[in-house]
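J.: This is the structure I have questions about; it appears just below.
The values are calculated or read from the model by the stated rules, or taken from the named source; none is laboratory data. Remember, predicted model here, so these are calculated numbers, not experimental data. Cβ placement follows ideal geometry from the backbone for every residue including glycine, while neighbour counts extend to all protein chains displayed.
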């Protein structure tokens, strides 16, 4: 039920066309008008039903640490940035030599910037 609750949050954002600020992903505004108009009401109904079930079952909300969540996300992305360097990519096969010249330095700069986010959590 917690997963459904999170999905409803994402659906609500989509219905409001609250697009995240991204450079590498563009979200099409292709939802039918009926979805954007009716989804908020149906999502509210689903939330009320979830609340009733939780109340009936005496379920308590779980507590999640934003700090741990942020740390896990940042660590995962730092690992991904490390794996994207030319040295690591060579493990998958031949890599054009220009990759090291054009990609490694910007990736290291980006990795250092993202690392600063991790430092804020210490």
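J.: Can you go through 19, 30 and tell me which one is surrounded by 12 or more Cβ atoms within 10 Å (Cβ to Cβ), free of Cβ contacts under 8 Å to residues at least 24 places away in the same chain and in a loop (DSSP other than H, G, I, E, B)?
T.: 19
J.: Taking residue 63 as the residue in question, decide whether it is modelled with pLDDT under 90, part of a loop (DSSP other than H, G, I, E, B) and out of contact with any helix residue (DSSP H, G or I) (no Cβ under 9 Å at 6 or more places or on another chain).
T.: no
J.: For the list (1) under 23 Å from residue 119 (Cβ atoms); (2) not in a loop (DSSP other than H, G, I, E, B), I need the number of the one condition that residue 52 fails.
T.: (1)
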